[in-house]
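Accompanying notes for the structure given below.
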Amino acid sequence: MTMMDVWRRAEEVGGVGVGVGEECELVGEEMATLVGNGVLVGFAGQALLSLCLSAWVFFLTKHGNMDITYPEGSIKREIERKRLDFVSNILMIGSDIQSTLGISYMVTVFSQSQIMDLYHLHLVFDIVSFVGVSNTAALVCWRFVRAKIDASDTSPESKTKRKRISYWHGRYRATFIFVMLYLALLILLCVRLNDWAPDTEPGRCYFSHLVTSPHASHPGDDQIYVSITGSWLIVVILSSVFVGVRGRRWILLLASFHFPLHLYMAIALRQANQGRFEGEVKHENEWDFGQTTAVVLLGIALVELITKGREYYQFERYVTKHGALPGVNENGQGPQKDVEAIGNGATYPLETLSGKDEQSPEARRLLSKRHATSPP
């Protein structure tokens with residue numbers, strides 16, 4: 001017996017490195033409906049879509065394209081408010097679908113938790129984390145855009161009616177439900193990891209050589225990963241609801257770290273365990289109803305995004321050409337002869353409504369007169 005054998009035996013007897021070097025003998029049976037390629041593409045695609053939209057919003061805001069800068073009562077100010085409203089609607093595309101899909105996904109997992117093996121439960125945790133990333137990115141930017149819209153409305157009526165968005169808003173309620181289910185999944189996974197065994201049904205182990213070091217201790221190292229990443233994501237999600245819009249960039253940055261992390265873990269864990277399942281089917285690459293549904297919902301979100309993006313593009317072209325909101329005239333054709341109605345038939349050239357010096361004193365006087373004579 002060599003010194004290495006003595007050292008390894010001492011570790012096993014003393015309980016050091018429990019799970020190190022133990023070969024997993026029973027992973028479980030395939031469950032492509034819950035963790036197949038289509039499910040992974042659907043959830044990850046929605047998260048990537050939300051992150052890209054959020055980056056786009058902050059890019060436009062940084063360069064002043066979505067700032068409310070023009071005087072109250074001017075056409076340009078209304079154009080800016082309409083632009084923000086468009087962006088607010090675009091931001092929530094896919095987020096509502098993702099929330100509903102994520103909640104339904106976890107309810108399905110809980111209903112099958114007694115027969116679900118440890119490998120699939122771990123993979124579900126990584127996949128459903130994409131919902132948290134998507135919701136955080138959408139919510140933090142949606143709150144930011146709505147705050148800018150509310151702040152730009154300086155009319156007396158808005159000051160008396162303006163109020164904070166209720167925490168019982170429909171989108172917030174969906175977020176709270178998701179967080180509670182996600183926390184329950186986190187606890188369930190940690191409890192099941194305590195039952196790590198290489199040859200017990202349903203599968204209570206998995207091959208992790210692509211996601212952990214060769215000398216990792218199971219299940220201790222796995223529980224550390226699940227606890228840290230799960231708690232981190234929950235804090236970030238709740239921050240998108242309760243923290244002010246000033247912290248939006250930090251919240252979005254912390255949420256974005258989860259996307260590459262869980263994407264790698266999901267792909268690597270699937271790759272490490274493919275071909276090791278019990279039963280006739282040894283892989284999870286076959287497409288079925290669950291996978292197709294996830295991809296179809298992603299396609300619906302993309303179609304809605306393209307539709308809203310097209311409307312936004314047409315809106316920008318219209319206001320660039322006419323300098324007014326679409327449909328301001330009765331005929332719906334926009335201003336005629338490049339003039340803008342100021343009040344009681346008076347007109348003013350549109351070039352005064354563009355650039356840094358948006359209005360001359362005469363235009364501001366006419367606008368003030370219009371507001372003074374308009375009925376309350």
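The values are calculated or read from the model by the stated rules, or taken from the named source; none is laboratory data. Being a predicted model, the structure only gives us computed values, none of them experimental. For neighbour counting, all protein chains shown are included, and Cβ atoms are generated from backbone atoms with ideal geometry for every residue, glycine included.
Some notes on this structure:
- When residues of the range 54-75 are limited to those that are surrounded by fewer than 21 Cβ atoms within 10 Å (Cβ to Cβ) and assigned to a helix (DSSP H, G or I), the one modelled with the highest pLDDT: Ala55
- Those residues of the range 165-197 which are charged (D, E, K, R) and within 17 Å of Tyr225 (Cα to Cα), in sequence order: Arg192, Asp195
- For the range 100-129, filtering for residues that are crowded, with 24+ Cβ neighbours inside 10 Å and closer than 17 Å to Ala301 by Cα leaves 1.
- Within the option set Gly275, Gly279, being touching a Lys or Arg at 6+ places or on another chain (Cβ under 7 Å) and not hydrophobic (A, V, I, L, M, F, W, C) holds for one residue only, Gly275.
Condition check ((1) surrounded by 15 or more Cβ atoms within 10 Å (Cβ to Cβ); (2) of a type in the set (A, V, I, L, M, F, W, C); (3) at pLDDT below 95) across all residues:
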site: Ile187; (1), (2), (3): no, yes, no
site: Arg192; (1), (2), (3): yes, no, yes
site: Pro202; (1), (2), (3): yes, no, yes
site: Ser217; (1), (2), (3): yes, no, yes
site: Val226; (1), (2), (3): yes, yes, no
site: Val235; (1), (2), (3): no, yes, no
site: Arg248; (1), (2), (3): yes, no, yes
site: Leu252; (1), (2), (3): yes, yes, yes
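To keep it simple, each residue is scored yes or no on (1) buried (at least 18 other Cβ atoms within 10 Å of the Cβ); (2) closer than 23 Å to Gly94 by Cα; (3) out of contact with any Gly (no Cβ under 8 Å at 6 or more places or on another chain).
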| residue | (1), (2), (3) |
| --- | --- |
| His262 | yes, yes, yes |
| Phe277 | yes, no, no |
| Ala294 | yes, yes, no |
| Leu298 | yes, yes, no |
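- Single residue of Val41, Val13 found to be closer than 23 Å to Ala268 by Cα and either part of a helix (DSSP H, G or I) or at pLDDT 75 or above (or both): Val41
- Candidates Lys159, Lys148, Lys163 - the one that is part of a helix (DSSP H, G or I), loosely packed, with under 14 Cβ neighbours inside 10 Å, of a type in the set (Lys, Arg) and at pLDDT below 90: Lys159
- If you go through the range 16-29 and keep only what is touching a Gly at 6+ places or on another chain (Cβ under 7 Å) and at pLDDT 85 or above, you end up with Val27, Gly28, Glu29.
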